[in-house]
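Undergrad: Here it is, the structure in full.
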Amino acid sequence: MKKKYQIVTYGCQMNVHESEKIAGILEEMGYERTEGEDADVIVFNTCCIRENAENHAFGNIGALKKRKKERPELLICVGGCMMQEKGMPEELKRKFPFVDIVFGTHNLWELRRLIEIKSSGRKKMLVSIHDKEGEIVEGERPCRTSYPNAWVNINYGCNNFCTYCIVPYVRGRERSRKPEAILEEVRSLVAEGYKEITLLGQNVNSYGKDLENGITVPKLLDQVASIEGKFRVRFMTSHPKDFSEELVKVIAKHEKICNLVHLPVQSGSNAVLKAMNRRYTREEYLEKVAMLKRYLPDAELTSDLIVGFPGETEADFEDTLSLVKEVGFASAFTFVYSKRKGTKAAEMENQIPEDVQKRRIMELVALVNSLTRVKSERYLGKTVEILCEDYDEKKGMFLGRDVYGRMGYFKSEKNPIGSFVTLKITEASGISLYGEEV
Ligand code: SF4
């Protein structure tokens with residue numbers, strides 16, 4: 001009987017894709033996936049962007065203590081961003097001495113070797129963390145779980161050091177993959193039948209700055225979208241300071257590139273943007289939005305927004321609300337500022353009390369939801385092409401997204417996952433659309 005593995009993933013798409021790479025390593029070792037309690041190896045791929053993600057991971061690791069006692073041969077591995085935080089492996093050792101393997105974001109490729117060492121009878125916890133990012137490892141064979149979408153890394157790390165963000169400390173400096181490797185990966189994914197390619201990076205707009213061949217993200221996108229076949233191209237995440245006219249021209253040139261841009265503004269207040277070290281002003285952000293709309297009047301924008309950043313006044317918060325209204329985001333991820341040890345913002349004075357943060361987030365969420373609802377209602381009676389990506393058991397319906405990222409649900413006798421389906425929208429509810437196949 002084959003041995004089984006389970007991966008528990010926290011955090012962003014980058015982590016979701018890295019879990020696919022971990023799955024690839026384990027399947028090459030002969031393990032097969034399980035979601036049950038029969039796993040022989042459990043890997044936690046952690047996230048440290050917010051405190052509650054860390055608490056959640058700690059809670060779930062701690063819950064395995066009893067199982068590990070009953071089955072000492074069960075291997076528990078903990079990797080991901082949290083393990084790159086200073087002092088975290090030691091804390092893990094103290095709290096959960098029954099964990100077998102600890103690894104970081106820079107040495108995921110080492111997991112096979114670490115499991116082999118541990119399985120050969122080593123008793124003590126095996127900790128392998130690389131402080132510095134190394135060369136990019138090519139030739140990974142991820143075991144993909146998000147068909148018809150495929151995630152493709154284009155760059156890793158970040159040089160921006162926004163004052164609230166821990167990513168540059170745990171993911172290292174920016175490194176770009178060579179364009180040939182990316183194009184080869186996309187070509188083979190399209191040949192395998194993937195219908196949506198999402199190019200991933202902490203800041204995709206910095207792509208190529210560390211290479212010496214003059215490649216940039218607009219040039220790369222142009223080449224990716226020129227590959228033959230019917231598929232869509234998305235990319236994330238874009239830093240507004242690097243969002244260029246050249247990039248917008250490439251989006252406008254290719255039908256394959258979705259007209260949905262995730263452009264995280266974080267705040268609408270110049271004072272807060274400065275304190276966050278975002279390196280653009282409200283006016284500059286709005287000018288980028290206007291530039292996008294000049295080329296693509298129907299393009300949609302989504303954003304990340306933080307409330308309760310240290311020193312945020314009522315007037316600053318009002319600036320965020322007014323910017324959200326002015327841009328009219330299709331949707332947004334809204335967050336209460338989370339203090340991260342080791343970042344500059346964690347040392348700032350004027351941390352905002354929790355009750356004020358709560359009130360502000362509720363107001364912001366209500367505004368974002370109302371904008372989303374209005375946008376959804378505009379779809380009523382229209383036909384849209386969606387890429388069917390999944391089946392919702394609860395609703396008993398298939399679902400997929402259009403080029404603007406709007407989710408559409410529908411019923412179908414056959415299984416259309418991976419097909420482009422045209423829907424006539426009959427109902428709009430919040431962020432979701434419902435329709436009939438035409
Ligand atoms: S751009 Fe800023 S928020 Fe984004 S990963 Fe880099 S430091 Fe973090």
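Every read-out reported here was derived from the displayed coordinates using simple, explicitly stated rules and does not represent laboratory data. Everything quoted here is computed from the prediction, not taken from an experiment. Positions of Cβ are generated from backbone atoms using ideal geometry, with glycine treated the same way; all protein chains shown enter the neighbour counts.
Undergrad: Against the definition (more than 14 Å from the ligand (Cβ to nearest atom), in a loop (DSSP other than H, G, I, E, B), among the basic types (K, R) and within 18 Å of R187 (Cα to Cα)), how does K230 come out, yes or no?
TA: Working: more than 14 Å from the ligand (Cβ to nearest atom): yes; in a loop (DSSP other than H, G, I, E, B): yes; among the basic types (K, R): yes; within 18 Å of R187 (Cα to Cα): yes.
So K230 passes the test.
Undergrad: Determine whether the range 48-60 contains at least one residue that is in contact with a Leu (Cβ under 8 Å, 6 or more places away or on another chain) and hydrophobic (A, V, I, L, M, F, W, C).
TA: no
Undergrad: While we're on this one: From the list K414, K424, exactly one residue is farther than 30 Å from F317 by Cα and touching an Asp or Glu at 6+ places or on another chain (Cβ under 6 Å). Which is it?
TA: K424
Undergrad: Among the residues of the range 59-99, count how many are among the aromatic types (F, W, Y) and under 19 Å from A346 (Cβ atoms).
TA: Residues flagged as among the aromatic types (F, W, Y) and under 19 Å from A346 (Cβ atoms) within the range 59-99 amount to 0.
Undergrad: From V190, V233, grab the single residue that is more than 25 Å from M276 (Cα to Cα) and crowded, with 20+ Cβ neighbours inside 10 Å.
TA: Details: V190 fails: crowded, with 20+ Cβ neighbours inside 10 Å.
Within the list V190, V233, the selection yields V233.
Undergrad: Here's something else I'd like to know. Here are L211, L183: which of them is touching a residue at least 12 places away in the same chain (Cβ under 8 Å), hydrophobic (A, V, I, L, M, F, W, C) and touching a strand residue (DSSP E or B) at 6+ places or on another chain (Cβ under 6 Å)?
TA: L211
Undergrad: I'm trying to understand the selection: among the residues of the range 26-50, which are surrounded by fewer than 22 Cβ atoms within 10 Å (Cβ to Cβ) and of a type in the set (V, I, T)?
TA: Scanning the range 26-50 gives T34, I49.
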